[in-house]
1. Please report the carbon-and-sulfur percent of the accessible area for the stretch 55-197; probe 1.4 Å, protein heavy atoms only, DNA, RNA and ligands left out.
2. For residue 119, what is the net charge nearby, where nearby means another residue's Cβ is under 11 Å from its Cβ and Lys, Arg count +1, Asp, Glu -1?
3. Once amide H atoms are placed 1.01 Å from N in the peptide plane, what residues at a sequence separation of 5 or more from residue 29, or on another chain, have their amide H within under 5 Å of its amide H?
4. Can you tell me the dipole magnitude for the chain around its Cα centre, using point charges on the Cβ only (Lys, Arg +1; Asp, Glu -1), in Debye to the nearest 20?
5. Give me the aspartates and glutamates in straight-line cross-link reach of residue 170: C-alpha distance below 13 Å, same-chain residues under 8 apart excluded.
6. Which shape class, rounded, prolate or oblate, goes with the stretch 98-168 when its Cα gyration tensor gives a ≥ b ≥ c as root eigenvalues, a/c under 1.5 marks rounded, and past that a/b bigger than b/c marks prolate?
7. Which aspartates and glutamates have a Cα lying under 17 Å from the Cα of residue 27, excluding residues fewer than 8 positions away in the same chain?
8. Sum up the charges of everything whose Cβ sits under 14 Å from the Cβ of residue 170, counting Lys and Arg as +1 and Asp and Glu as -1, but leave residue 170 out.
Amino acid sequence: MRHPFRVLLASLALAALPALAGEDTYKIDPVHSEVSFKVSHLLAKVSGRFTKFEGTIKVDTADISKSSVEVVIDAASLTTDNEARDKHLKSADFFDVAKYPTLAFKSTAVKEVAKGKLEVTGDFTLHGVTKRITFPITNAGTQPGMAPGSVVAGFIDGALSLNRSEYGIKFMPGIIGETVAVSLNAEAGKVAPTAKK
């Protein structure tokens, strides 16, 4: 006869396996996420944002270092809430959206440096130039979403600084700052796993 306590332990261990071994996939919700930037102009600062982007975040629940992020941003969705300025920023003087329609990021490493604090490293492509960057971001955890049975994850307070001249955007130096401060906040919905055939 099997000992009841051992049976209970075995059952609990089996129940825990999916949570320990799985990789959860989340799709970024652009409506509740933000990719924004700020750059100096003479003695003030101007803010802008991108309104169209998509991305996938894969979280390894057993080993966060095996997680990954991929994001693609529509360059033409740039807005600073000024039509004339936006038109100039989209021109060949700056983003040149006709030639370079997207910005992209693909992670190469994810590191947890403290509880909930991550450093994400990867290849960032802007204006046809790709560079390796690293930025901090906070894993805000997960909770039930608005729709029944849904789950959302939050990755907030991401921040990095880019030197625009390193990406070939060199128009109006001395008037427009070279350092661009970027802010990232993402809410992402969990994707249901695909059934194996």
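The values are calculated or read from the model by the stated rules, or taken from the named source; none is laboratory data. Bear in mind the structure is a predicted one, so any value in this text is a computation, not a measurement. Using ideal geometry, Cβ is built from the backbone for each residue, glycine included, and neighbour counts are taken over all protein chains shown. Heads up: the accessible areas ignore ligands, DNA and RNA and are worked out on the full protein's heavy atoms, side chains in. Shrake-Rupley method; radii C 1.70, N 1.55, O 1.52, S 1.80 Å.
1. Values: 4560 of 8250 Å².
The nonpolar share, carbon plus sulfur, comes to 55 percent.
2. Details: positive: 111, 117; negative: 112.
Charge balance near residue 119 sits at +1.
3. 187, 188, 189
4. On the way: 24 positive and 21 negative charges, 98 e Å.
Computed about the Cα centre, the dipole is about 480 debye.
5. The reachable aspartates and glutamates, counting only those whose Cα sits under 13 Å from residue 170, are 93, 96, 178.
6. Values: a/c = 3.04, a/b = 1.67, b/c = 1.82.
It comes out oblate by the Cα gyration axes.
7. Once the sequence-local aspartates and glutamates are set aside, what remains near residue 27 is 54, 60, 70, 74, 187.
8. Values: positive: 164; negative: 93, 96, 166, 178.
Combined, the nearby Lys, Arg, Asp and Glu give -3.
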